[in-house]
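Notes for the one structure printed next.
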Amino acid sequence: MNKIVVHAGAIFCIPLFMPKDDWKLKAKLSDNDLDKDFAFGRVIETSSSVLVEMFKKIGSAQTSISEIEN
């Protein structure tokens with residue numbers, strides 16, 4: 001598995017419509033999937049582990065960052 005580097009402040013989304021144990025998820029996403037439900041989070045701190053905050057916003061992958069943060 002490739003190492004993923006994340007930085008504090010990065011906002012990410014988690015698809016709520018795919019199995020949680022599907023590690024090849026990114027390769028399977030289609031343009032139509034981007035309109036489905038995603039949960040959003042932000043990286044707070046990285047050290048030996050990663051601390052994240054999760055937002056209450058659920059929306060498509062094209063949801064604006066300002067809408068997610070509000």
**Message:** Helix-only estimate, please: 222 nm mean residue ellipticity of the chain, summing -39500 (n - 2.57) across DSSP H runs of length 4 or more and dividing by its residues, to the nearest 500.
**Reply:** -2000 deg cm²/dmol
**Message:** Compute a Gaussian network model of the chain, connecting alpha carbons closer than 10 Å, and tell me which residue from ILE11, ILE58, ILE44 fluctuates the most.
**Reply:** ILE44
**Request:** Using a 10 angstrom cutoff on alpha carbons, build the Gaussian network for the chain and name the most mobile of SER30, SER49, SER60.
**Result:** SER49
**Item:** Karplus-derived HN-Hα couplings along the range 2-18 (A = 6.51, B = -1.76, C = 1.60, θ = phi - 60°), whole Hz, x at Gly and Pro
**Value:** 6, 7, 9, 9, 10, 10, 4, x, 5, 9, 9, 10, 10, x, 8, 10, 10
**Item:** Stretch in the chain that is longest and holds no chymotrypsin sites (Phe, Trp or Tyr not before Pro) that DSSP places in a loop and that have at most 14 other beta carbons within 10 Å
**Value:** 24-70
**Item:** Estimated inter-spin distance, HIS7 and LYS36, nm [label 7 Å along Cα→Cβ]
**Value:** 3.0 nm
**the chain - Kirkwood radius from inverse mean 1/r over Cα pairs (Å)** = 13.2 Å
**Message:** Among LEU51, LEU34, LEU16, which one shows the highest mean-square fluctuation when the chain is modelled as a Gaussian network with alpha-carbon springs under 10 Å?
**Reply:** LEU51
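Read-outs: derived from the displayed coordinates by stated rules, not from any lab. Computed from a predicted model, the values in this text were never measured in an experiment. Note: ideal-geometry Cβ built from the backbone for every residue, glycine included; neighbour counts use all protein chains shown.
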